[in-house]
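Right, one structure below, let's go through it.
The numbers here are math on the coordinates, done by the rules we state, and not lab data. Remember, it's a predicted structure, so these values are computed and weren't measured experimentally. So basically every Cβ, Gly included, is an ideal-geometry build from the backbone, and we count neighbours across all protein chains shown.
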Amino acid sequence: MSDPAARSAAACPICTRGEPLDIVADLGVAWVTAPPAAALPGYACVVAKRHVVEPFELEPEEGHAFWDAVARVSRAVSAATGAVKMNYEIHGNTLAHLHLHLYPRYVGDPFEGRPIDGSASAFHRSAEELAALAAAIREAPP
């Protein structure tokens, strides 16, 4: 494998498994994941289906569809949770497969006035809460 992208995909746990963990919605170009334990209520992650590391590596139409999916999910999460702000984070330092973390922010949340600690898992969401979040995302207009 001389192609760096192919080598990267071969080592990617999402690509090896065929999908990420904790999928709550399939939006065509991306999956939406939401694990039971999260740093904040309403946390979700938009994961590109095609293995790329950076958003600019997506083909133009695919890139537009990815950002449309991000907007759709953030609108749905905001409406479902009453968040006052949405934080968007793309890192890829630990998992080099394009994914965007969505952190809804609330007045008085544990990270008010400072950055979010994404490794914190202070909130545990029930199956019913995750199902409601998934329904809000799936039913949100594109």
Residues with amide H under 5 Å from that of LYS49, placed H, sequence gap 5 or more: ALA30, TRP31
³J(HN,Hα), Karplus 6.51/-1.76/1.60, whole Hz, each residue of the range 108-114, x for Gly, Pro: x, 5, x, 10, 3, x, 8
Charge dipole of the chain about the Cα centre (unit charges at C-beta), most positive-ward option of LEU100, VAL53, LEU40: LEU40
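First select every other residue whose beta carbon is under 12 angstrom from the beta carbon of LEU133; then total the charges, Lys and Arg +1, Asp and Glu -1.
Working: positive: ARG125, ARG138; negative: ASP22, GLU128, GLU129, GLU139.
It works out to a net charge of -2.
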Under Karplus coefficients 6.51, -1.76 and 1.60, residue-wise ³J(HN,Hα) of the range 62-75 in Hz, glycine/proline x: 5, x, 4, 5, 4, 5, 5, 5, 4, 5, 4, 5, 5, 4
Size of charge dipole - the chain - debye, nearest 20, with Cβ of Lys, Arg +1 and Asp, Glu -1, no other charges: 200
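Assign one of three labels to the range 4-84, namely rounded, prolate or oblate, based on the Cα gyration tensor with a ≥ b ≥ c the square roots of its eigenvalues; rounded applies when a/c is under 1.5, prolate when it is not and a/b is larger than b/c, and oblate otherwise. Please list the in-between numbers first.
Values: a/c = 2.56, a/b = 1.48, b/c = 1.73.
In terms of gyration-tensor shape, oblate.
Using the beta-carbon distance between PHE56 and ALA120 and R0 = 30 Å, what value does 1/(1 + (r/R0)^6) give for FRET efficiency, to the nearest 0.05? Numbers along the way, then the final one.
Values: r = 30 Å, r/R0 = 1.00.
E(calc), rounded to 0.05, equals 0.50.
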Karplus (6.51, -1.76, 1.60) ³J(HN,Hα), θ = phi - 60°, over the range 89-105, in Hz, Gly and Pro reported as x: 9, 10, 10, x, 6, 9, 10, 7, 9, 3, 8, 10, 7, 10, 10, x, 10
